[in-house]
Amino acid sequence: MSLPQSLRNSVTPPELELIACQELIEIIPLTSMDKTAFISGAYGPLRPPNKATIPLWMALNLKLKRKCHIVAPDWLTVEFLQDRLTEETTSPHFSHLPFRFAEISKVLLDNASDDLQNPDKLRSLLKDIREARQAKSREGAKDLDRSETTLTRLCSMEINEIRPFFVQSMGIFTHLHRVPRDP
């Protein structure tokens with residue numbers, strides 16, 4: 001969703017991608033590595049061909065150095081996304097997807113598409129899901145209520161996109177519905 005500059009006081013999509021890189025993901029290491037300690041925790045040891053679970057940022061670093069293959073999350077498959085797209089287009093509610101699915105899928109498709117099955121179809125399905133969910137968000141905006149708004153199962157990117165609009169809208173609603181004081 002493109003917003004005017006005056007409404008852009010949220011986290012940027014690249015910043016959300018950076019935050020998402022803290023999520024854990026499975027890899028298949030190609031080289032051995034001892035347990036390594038970081039501020040966020042200790043990861044390893046890495047022993048090929050055993051799978052290991054490490055943060056996405058570390059997996060991307062190892063992938064760049066050709067020291068691992070990234071295992072796609074269970075939800076990043078054509079079958080799973082096709083089911084979610086069907087659910088998005090047939091149900092009035094948002095389908096259940098991981099909270100950071102948009103950021104993680106973008107990072108993986110940009111940096112490790114060779115480790116994913118059918119990356120072009122994945123991109124297409126993710127785009128269709130995003131458009132269907134944006135249409136539902138716009139439809140939900142028509143039913144704004146000044147006392148409460150409920151949009152469950154939104155992902156972090158979607159929340160970030162609509163937050164400035166909702167904050168400003170709720171402020172206007174509150175101003176318009178303010179009870180006049182008796183003189």
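The values are calculated or read from the model by the stated rules, or taken from the named source; none is laboratory data. Note that this is a predicted model, so its numbers are computed, not measured. Quick reminder, even Gly has a Cβ in these numbers, built from the backbone with ideal geometry, and neighbours come from all protein chains shown. Accessible surface areas use protein heavy atoms only, side chains included; no ligands, DNA or RNA. Shrake-Rupley method; radii C 1.70, N 1.55, O 1.52, S 1.80 Å.
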Rounded if a/c under 1.5, otherwise prolate or oblate - the range 20-72, Cα gyration tensor axes:
oblate
Calculated FRET efficiency, Leu30 and Lys127, Cβ-Cβ r, R0 35 Å, to nearest 0.05?
0.65
Compute the Cα gyration tensor for the range 1-141, then decide on rounded, prolate or oblate, letting a ≥ b ≥ c be the square roots of its eigenvalues: rounded whenever a/c is under 1.5, prolate when a/b is larger than b/c in the other cases, and oblate in all that remain.
prolate
Would you list which lysines come within 27 Å of Lys51, measuring only between C-alpha atoms, while excluding same-chain residues fewer than 8 positions from it?
Lys35, Lys63, Lys65, Lys67, Lys106, Lys121
Peptides 28-40, 65-77, 85-97: what's the order by average Cβ count within 10 Å, highest mean first?
65-77, 85-97, 28-40
How charged is the neighbourhood of Leu18? Take every other residue with its Cβ under 14 Å from the Cβ of Leu18, and add Lys/Arg as +1 and Asp/Glu as -1.
-3
Note down the nm distance, to one decimal, between modelled labels 7 Å out along Cα→Cβ at Leu64 and at Phe99.
2.6
Please list Arg138, Arg100 in order of solvent-accessible area, largest first, computed with a 1.4 Å probe with all protein chains present.
Arg138, Arg100
